[in-house]
């Protein structure tokens, strides 16, 4: 399979249970991702809010598409997983 890896960013906080589940989901499906902890990073938090309009985590960006919260079905669709 020579498909390119999707560009995935996940904005998280250390205490967020859904962030943990979203990261486990990505690992389970062998999807590489960049984790951005917004708890202590004001710049990253502002970037997340600007992109999503949300202050809550997780915010997941897949190739420019924003997913707010842990939504496995939507993540599968955006990641082209079966």
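Values in this text are rule-based calculations from the coordinates and carry no lab data. All values reported here derive from a predicted model rather than from experimental measurement. No Cβ is skipped: glycine too gets one built from the backbone with ideal geometry, and neighbour counts run over all protein chains shown.
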Sum -39500 (n - 2.57) across every DSSP H segment of at least 4 residues in the chain, then divide by the residue count to get the 222 nm mean residue ellipticity, nearest 500. -11000 deg cm²/dmol
For the residues 27, 71, what sequence is obtained by ranking on other C-beta atoms within 10 Å, fewest first? 27, 71
Segment 10-71: relative contact order as a whole-number percent, Cα under 8 Å and 6+ apart: 40
Rounded to the nearest 10 degrees, what's the angle between the helix 42-52 long axis and the longest principal axis of the chain, both from Cα atoms, 0 to 90? 60
I'd like the orientation of helix 17-28 relative to the chain: the angle between its Cα long axis and the longest Cα principal axis, in ° from 0 to 90, rounded to 10. 30
Rounded if a/c is under 1.5, else prolate if a/b is larger than b/c, else oblate: which is the chain, with a ≥ b ≥ c the root eigenvalues of its Cα gyration tensor? prolate
When 62, 31 are arranged by how many other beta-carbons sit within 10 Å of their Cβ, fewest first, they go 31, 62
